[in-house]
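Below is one structure; the comments refer to it alone.
The values are calculated or read from the model by the stated rules, or taken from the named source; none is laboratory data. Small disclaimer: the values here were computed from a predicted structure and weren't measured. Please note: Cβ atoms are built from the backbone with ideal geometry, for glycine as well, and neighbour counts cover all protein chains shown.
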Amino acid sequence: MNMLECPKCGVTVDVKSNHHVCPKCGEPLFLSTDLESIVKAGVKSLIPGNLKKVTLGEGRTPLIEYRNFLLKLEFLNPTGSFKDRGAAMTVSRALMAGWTTIIEDSSGNAGIATAAYAARAGLKVKIYAPADAPQGKLRLIKAFGATLETARSRDEAHRKALEDKEGVYVGHVVEPLFIEGIKDIALELVTSGVKFDALVAPVAAGTLFLGLYKGFEELVKIGLIDSIPTIIPVEACGYSKLSKYLKTVNIGCGDTDRSLLADALRLTIVPRIKQIVERASKVSPYVVVVGDEAIGESLKELYSIGVPVEPSSAAVYAAAKYVSKEMSGRIIVPLTGSGLKYVPVSNEVLDKYLF
Ligand SMILES: [Zn+2]
């Protein structure tokens, strides 16, 4: 039986209900995964088999070596970001629950992913995104047939989506099934046969960080690994939520600087912030906050080795380079989003680094 559970007070609700947060205390819920059935099925996936109702072939992304880094090419998912893993599960829940119109807020990638999986499943979808998101991202949301509503900022997009009552809100910033979709990255890494010592993970809403953590935690529970590895959160300059809670390393980020490049990391209203802080303080010595110059230089370096990522992913690589000076061993760098959504549209800030 797959139930959603409140990590704070233990209340459980059916996955087919329309709760994303605890009806009693308001805490965002998690799926209480039936690990027995996962083990019985041979641990081919950490997602309970009966929960996945729609797919576009997401997951099982390549892992390539570069210096002492292992680059997990998450931008090779169907719509060009790791968000496809989560969107597959969000839309699966909508199908199970019988929701016909769903509402999401996004900086771009999650909107594209949700629009694509909703199209695949035949559901209506409305996406709220900031008007200054990269044009390539906004155009793709519309190309999949979603209704696009723009807002003045990433945070305003979130607030407007919550107010919209014309459908069921499934925002990835709270949706528990979205996090379930991410967990298999942990399984893919552990079963790849490649040894690693730490990971870096971008944090905006925290879905990748929380999904990795939950994945590794479940792998510990079923005895496939001994402990959860070090996972270092990475944020963009001017948009850090974690620095007031955790030791912070700034890379080229002054007090008043705000990143123009890391458009996927600009959310500051983070419903799962306490959950992220609680876990990050167990598995990371610090948070890394990266400024635009370091992002641009890292972007250029990744393109120079043939890896077309978006700027927010380059922020994570910039952080990984710092981490590799602080510790020995191999670091997993999930490259979360594709640069192909950016290149056809000229962009003054970006062009400085790429052209
Ligand atoms: Zn609760």
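Some observations on this one:
- Elements of type helices (runs of 4 or more DSSP H) contained in the range 120-212, each with 3 or more residues being of a type in the set (Lys, Arg): 135-143, 154-163
- Residue list for the range 4-17, filter: more than 11 Å from the ligand (Cβ to nearest atom) and surrounded by 15 or more Cβ atoms within 10 Å (Cβ to Cβ): VAL15
- Boolean, GLY80 is closer than 20 Å to LYS341 by Cβ, in contact with a Lys or Arg (Cβ under 7 Å, 6 or more places away or on another chain) and buried (at least 19 other Cβ atoms within 10 Å of the Cβ): yes
- Residue that is nearest to CYS237 (Cα to Cα), among those in the range 263-286 that are out of contact with any helix residue (DSSP H, G or I) (no Cβ under 8 Å at 6 or more places or on another chain) and among the hydroxyl-bearing types (Ser, Thr, Tyr): TYR286
- Only listed residue being in contact with a strand residue (DSSP E or B) (Cβ under 8 Å, 6 or more places away or on another chain), buried (at least 19 other Cβ atoms within 10 Å of the Cβ) and of a type outside the set (D, E, K, R), chosen from ALA146, ALA116, ALA88, ALA131: ALA146
- Only listed residue being at pLDDT below 95 and part of a helix (DSSP H, G or I), chosen from ALA264, ALA319, ALA280: ALA264
- Any chance PRO23 is within 16 Å of the ligand (Cβ to nearest atom) and assigned to a loop (DSSP other than H, G, I, E, B): yes
- Within the range 33-55, the set of residues being over 22 Å from GLY98 (Cβ atoms), small (Gly, Ala, Ser) and either within 16 Å of the ligand (Cβ to nearest atom) or exposed (fewer than 13 other Cβ atoms within 10 Å of the Cβ) (or both) comprises ALA41, GLY42.
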